[in-house]
1. Can you give the calculated 222 nm mean residue ellipticity of chain A, where each DSSP H run of n ≥ 4 adds -39,500 (n - 2.57) and the sum is split over every residue, rounded to the nearest 500 deg cm²/dmol?
2. Distances in nm, one decimal, shortest first, from B:ASN263 to the same residue in every other copy, taking the label point 7 angstrom along Cα→Cβ.
3. Over chain B, what portion of Cα pair distances is larger than 24 Å, expressed as a whole percent?
4. Rank B:LEU115, B:LEU166, B:LEU312 by mean-square fluctuation in a GNM of chain B with C-alpha springs under 10 angstrom and give only the top-ranked residue.
5. Can you quote the Å³ per residue value for the convex hull of the Cα atoms in the range D:254-362, rounded to an integer?
6. Taking a 21 Å limit on the Cα-Cα distance, which of the listed pairs A:LYS40/D:LYS76; C:LYS111/C:LYS295; A:LYS76/A:LYS111; A:LYS76/A:LYS162; C:LYS76/C:LYS111 fall beyond it?
7. Using amide H atoms built in the peptide plane, which far-off residues or other-chain residues are under 5 Å from A:MET82 H to H?
8. Measure of size requested: the Rg and Dmax of the range D:1-49, with Cα atoms as the atom set and Å as the unit; please supply both.
There are 4 protein chains.
Amino acid sequence: MHHIDVIRIPSRSPGDTSGLEALIASGRVAAHDIVAVMGKTEGNGCVNDYTREYATSMLAACLGRHLDMAPAAVEKRVAFVMSGGTEGVLSPHHTVFTRRPAQGTPAVGAKRLTLGIAFTRDFLPEEIGRRAQIEETAAAVQQAMRDAGIASSEDLHFVQVKCPLLTPGRIAAARARGCEPVTADTYESMGYSRGASALGIALATGEAALPDLADAAVLHDWSLCSGVASVSAGIEVEHNVVIALGMSAEATSELAIAHEVMNDAIDAAAVRRTLETLGLHGAEGLERIVNVFCKAEASPDGQVRGMRHTMLGDSDIHSTRHARAVTGAVVASVVGHGMVYVSGGAEHQGPAGGGPVAVIARA
Amino acid sequence: MHHIDVIRIPSRSPGDTSGLEALIASGRVAAHDIVAVMGKTEGNGCVNDYTREYATSMLAACLGRHLDMAPAAVEKRVAFVMSGGTEGVLSPHHTVFTRRPAQGTPAVGAKRLTLGIAFTRDFLPEEIGRRAQIEETAAAVQQAMRDAGIASSEDLHFVQVKCPLLTPGRIAAARARGCEPVTADTYESMGYSRGASALGIALATGEAALPDLADAAVLHDWSLCSGVASVSAGIEVEHNVVIALGMSAEATSELAIAHEVMNDAIDAAAVRRTLETLGLHGAEGLERIVNVFCKAEASPDGQVRGMRHTMLGDSDIHSTRHARAVTGAVVASVVGHGMVYVSGGAEHQGPAGGGPVAVIARA
Amino acid sequence: MHHIDVIRIPSRSPGDTSGLEALIASGRVAAHDIVAVMGKTEGNGCVNDYTREYATSMLAACLGRHLDMAPAAVEKRVAFVMSGGTEGVLSPHHTVFTRRPAQGTPAVGAKRLTLGIAFTRDFLPEEIGRRAQIEETAAAVQQAMRDAGIASSEDLHFVQVKCPLLTPGRIAAARARGCEPVTADTYESMGYSRGASALGIALATGEAALPDLADAAVLHDWSLCSGVASVSAGIEVEHNVVIALGMSAEATSELAIAHEVMNDAIDAAAVRRTLETLGLHGAEGLERIVNVFCKAEASPDGQVRGMRHTMLGDSDIHSTRHARAVTGAVVASVVGHGMVYVSGGAEHQGPAGGGPVAVIARA
Amino acid sequence: MHHIDVIRIPSRSPGDTSGLEALIASGRVAAHDIVAVMGKTEGNGCVNDYTREYATSMLAACLGRHLDMAPAAVEKRVAFVMSGGTEGVLSPHHTVFTRRPAQGTPAVGAKRLTLGIAFTRDFLPEEIGRRAQIEETAAAVQQAMRDAGIASSEDLHFVQVKCPLLTPGRIAAARARGCEPVTADTYESMGYSRGASALGIALATGEAALPDLADAAVLHDWSLCSGVASVSAGIEVEHNVVIALGMSAEATSELAIAHEVMNDAIDAAAVRRTLETLGLHGAEGLERIVNVFCKAEASPDGQVRGMRHTMLGDSDIHSTRHARAVTGAVVASVVGHGMVYVSGGAEHQGPAGGGPVAVIARA
């Protein structure tokens, strides 16, 4: 079984790997133990956000130097999930996850953090946002749960997926083969890819059943969702990357994870409940937080608690950018700062307008 | 002495006056009692945001029909302050302020809300952001306090100013006369105009002394500020419009105002303290809020509580837009929704990175 | 038969009507002769561009004062088509079209400019971008041609349509009735509305046949298009407004119109050919131009003359904004300045990536 | 003396080095001959455009593999100038410059393309946009001319400089030392850095004299400019990189360069004159073009040929983005496509509102 460590590193720019280098140099982290890195990079978080692949390239090159591997091989070994967009008070950073064999004897009766990773095959452009992506993701989530040693969905607290989007080139390639993608709008394709991936998570956890998950359900039937799903789309992948985070009685670290579902983008109470579940109180409790992970979106009905919002009609700033600024600020106002992981676009991830929030803290 | 009423009206679009029409038609408000309207409109809140003047034009035309006055005359009688930008969960609305002679006898020992308005002369482009704007604003603030019947700065809780900005045309006009404006960057001119106006408020309240208020202090000496200043710049004015809000023992309404200073953009505690000062507790307390008014900005040192933010280096979204999204979300998470007045750009309005917050509620 | 005059007026801001006032005051134009106004306003030209309705409101109020009519009645009498977006060198202006009975005897053998207008009924949100909008537009185009006295499609040179878009509120209203709009993305709805309207024009002119114009053809079958269609979407209408411009042997003004189809966004040669058709040569020829009208778009295949463009993957600036900047600059480089009417989004208006260009000039 | 080759390579994304790899693999280019790479990358071209440093990092890593050097060492050997922003029809690409010893005997009486490079020291934040940057740049330009073997300014046709900008961090660092940078606005700092660098070029060529080049002249005295200056600012450097391009009777390639000054952003005639100087006529002439290099800006007086433009008051899209779209389209309409180097922000580079244009073609 696993011993997990999680370290949050500030980054000075998208290509900055000095924090990771220092961590390795200090001996705090061994490069070969790193299984996943989740980052917030300071791009627009939308289609043409190259800060995600830039960060991934530099991190993979950095680890490749330490592991004596080509960067491409590192990307097959480590689950890199870069989420673009640090609107408002969000602060660019990476969260590094390491995994070693269990250390000593698990504490009796106390579950600890564990994690697993998996990758799907590459998707064809016309598969994105549709049934194929749902089913492949579900299979990968189950594989990641096995890799983590998470026995049941009750112990699963957060599933992070990185998924592809449609570019003009990919759309043209599909059409050249006579296949029509789910949309020709590149920004909208991000929502479809996130939505289908989230439904895949819901399928894996049993929150949704296969017969309900037709193509037409994606971005339409908001009753279908997963309370542990967090999905980020990006131009830098053609497959889905899955990180499953949960608890296990056999894991041996000092870390724990808990989650709640935010009912809307300003649901500070859900964040506070998550802290309470972990027994975090006052300033000392906040000190024990390693990171917060959550999803944000502009409510698709155009309202938050009965008041009209303007995010969906704003042609200057995409709604995912607004949503990250909002939920990032709400989380920051609870936990004391903005160096948290808030990702935009919560289609089928929690209820419409809301999304899951998870906290990893020292027990 | 005055009897003040304050009503918040949702707006469906920048040109929507149906709410005001309904208010007048219902008899709730008499058109001739309206002395001020503060609005949030759904533009970018920056230089080329014409939703502010569009809203003002339609409101002035609407009141003009009821008062049998030309719109231009209405704009000299009523203080219109439109603040653009409803990023995130902020919801477009207007706050209508009416003023009648005191009704009945003031409650013994209980101060109530009062307000006054004033206008400066038009400014030359080269006066914006400089000493002339500081001094003229100070004089207008004192005039508005007298108009309100606010005896001392201790009873002054919020001073809202609308001020002009520099356009390419105004800059060219100044240069044609051999005068150089404080900046040739139109967006940056908004900050200079807000900053000088805020220093004018600080001068009027005694928070700053005239000898310290040289041109060079504007946007440089952040130790100079006012804890009650709220300033919005716009293309729709060439003079400053001032609304002074405070408390008076002779005012007779059921309304009260209190304020605090947010130390940074995520200072939810300051919002909660303001509610406590007004005796607002729980859901019932939130029901009694008429509106919240506050300022937001990206901390000029590039950090919020020690964590780097990226708002000042974002060339796609101006920092005032980010800041409104942040503080709007924080306030909404406390008071329960986003139909609140949050304005961006808090130069010399509260400490660097923070700003004043005021709440009007039924006593 | 008709005597048409066309005057281009610079505007200083979206709400500026001083140019129109001066034109009427000078006697150059009689308010009751005005049948159409086409404007370029300085908003983003996308969903939340309120400069279009602001301009329309102010123009209708201005004409209402002169005609002693309510603004709403003016909007039913005059065809207002405001196109947002003056990216690059495009310069905000209005083009005023007047129509009087024919003056004197038509020149023998010489056709002159004529125009007609028409309006469709309001569309339900779920009709936008679909067959109903196609058919209603086609009927209105034929009505406008009759109104203009344009006998055949050969004499029809430019059909300008203003059409609605989907807002979050309109989408929610449709769904509340159990009807699903063609898209839930507000920006994308502009393209659907323009596309269906353009196919309606193609149907009216015989460039397309009804059986080919199924819902599925809109934004998919690029072989269907009209070489005289120019369509602008806006939040300010719920119906289509149609202006048909053409030539007639019975019209009596000194003005003529000609058009060509730009093959792509940089097809300066098509602009030059149009000038040649009108006999415009050299600087003197350029002086005789009253205005140029054209459509621009980012080629949907992601390439211009074999070179990849990045407009369709840009999540900071919508592709219609890029396209207006491009074609506006190309036209300006030919005709000498940027005070021309270039509108973005040329779906089914000319070939994919290109669009019609028309020039009105003194004969 | 030198034998220069220049190859233009399309890039599929900012991190794409496949074109360069293929060029080296084919033997067309030897890695050790590469002295400079100028690229257009698809970021916003403003402060937070990391596509420039991403491209540079990947190109340096690629060449480092071939040269067996660390990427940092490659960046000291090769002049990388990445210009962000491919608005409109501009197409991302790299231009690779190689230099070998002269091959054979120079053609008698025929000058050919030559080039040289140089680097300044790193600048302190407070030096940017001021005299120190002017003088250091001038010295580097003269060094690059010597490196190129360009004997006099008459043979100098284009000087490309890459220069730094101010970030929130660099501004804070300067202030911590008690030094005030020229501006606290990060976007505006790009203009100051470009402007001072251009004045440095003007000083080196004799187009301006040292006594006129006080700090106050930068961005104010538009009469001071260089007709061969092209400067791009970026977050990825702290020093200036200089590439001098000109003609020499001793150079031996088949390539030539010529330049003109565009009087404004739509001056297509200047582009055509440059082609004529090089003897390029018709389609065959266009085929001989290797690349076009030019600068674009929004005229600071707010007008282009007497018509108001809105670029300087647009708070959604920075004026340099508009300007690139405009001039890129104009150049593309002349040379037939958009894979050309157009860089935004032409302060002191040609006349106000205009800028230099250079063409490299096969003789």
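1. -9500 deg cm²/dmol
2. Copy-to-copy label distances for B:ASN263: 3.1, 6.2, 6.8 nm.
3. Tail fraction, whole percent: 53.
4. B:LEU312
5. 87 Å³
6. Checking Cα-Cα distances, A:LYS40/D:LYS76; C:LYS111/C:LYS295; A:LYS76/A:LYS111; C:LYS76/C:LYS111 exceed 21 Å.
7. Answer set, sorted by chain and number: A:GLY39.
8. 13.1, 40
Every number in this text was worked out from the coordinates using simple rules, so none of it is lab data. What you see is a predicted model, and the numbers here were worked out from it, not measured in a lab. Neighbour counts are summed over all protein chains in view; Cβ atoms, including those assigned to glycine, are modelled from backbone coordinates with ideal geometry.
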